[in-house]
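Colleague: Below you will find the structure I want to go over with you.
What follows is calculated from the coordinates using simple rules that are stated; it is not laboratory data. Keep in mind that what you see is a predicted model, and the values were worked out from it rather than measured. Because the Cβ atoms are built from the backbone with ideal geometry, glycine has one as well, and the counts that use them run over all protein chains shown.
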Amino acid sequence: MTDRIKTLKKALEKDPTNKLGLFGLANEYFKEGMYKEAIETLEKYLTLHEDEGSAYRVLAQSYINLGEIEKAIQTYEKGIQQALKYNHSTMAQEFRQEIDQLKMML
């Protein structure tokens, strides 16, 4: 476990709902290849906080790395809704392209 993960976990002990702490921890887990932990943390983050789309990218990529392609597609679809809600049309288009690629893997 990296120092950054330890630091973020310690900070989340004080405030387990901290938006930046949860998102940061999920990203660190992802970077370390700890995809199950990233998914768990992102799911918690998304139940507590509104996201503009970035969390859905990391969540979908985590599912892909675990071979859960259908869950990745579903996650990207939710990400498209959020990206459009916040006028991030480029992100929504990127997610659509990812979905097209993933559907070829099924």
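Colleague: So, in nm, how far is label GLU43 from label LYS9 when the simple model puts each one 7 Å beyond its Cα toward the Cβ?
Modeller: The answer from the label model is 1.9 nm.
Colleague: In debye, nearest 20: dipole of segment 36-87 around its Cα centre with unit charges on the Cβ of K, R (+) and D, E (-)?
Modeller: Charge dipole of segment 36-87: 60 debye, to the nearest 20.
Colleague: Among 52-58, 11-17, how do they line up from the highest to the lowest mean number of other beta-carbon atoms within 10 Å?
Modeller: Descending packing order for the listed peptides: 52-58, 11-17.
Colleague: Straight distance only, please: which aspartates and glutamates reach the Cα of LYS44 with their own Cα at less than 17 Å, same-chain residues fewer than 8 apart left out?
Modeller: In chain and number order, the partners are GLU13, ASP15, GLU28, GLU52.
Colleague: While we're here: Over segment 3-103, calculate the relative contact order: mean separation of alpha carbon pairs under 8 Å at least 6 apart, over the residue count, as a percent.
Modeller: Normalised by residue count, the contact order of segment 3-103 is 19 percent.
Colleague: OK, next. Would you calculate a helix-derived [θ] at 222 nm for the chain, using -39,500 (n - 2.57) for each DSSP H run of n ≥ 4 and dividing by the full residue count, to the nearest 500?
Modeller: Mean residue ellipticity, 222 nm, calculated: -25000 deg cm²/dmol.
Colleague: Oh, and also: Checking the table LYS10/LYS36; LYS14/LYS36; LYS14/LYS78; LYS36/LYS78 against a 28 Å threshold on Cα-Cα, which pairs fail?
Modeller: Exceeds cut-off: LYS14/LYS78.
Colleague: Relative to the first principal axis of the alpha-carbon coordinates of the chain, what is the inclination of helix 69-85, with its axis defined by its Cα atoms, in degrees from 0 to 90 and to the nearest 10?
Modeller: That helix lies at roughly 90 degrees to the long axis.
Colleague: Here is a further query. Under the rule a/c < 1.5 gives rounded, and otherwise a/b versus b/c splits prolate from oblate, where does the chain land using the Cα gyration tensor?
Modeller: oblate
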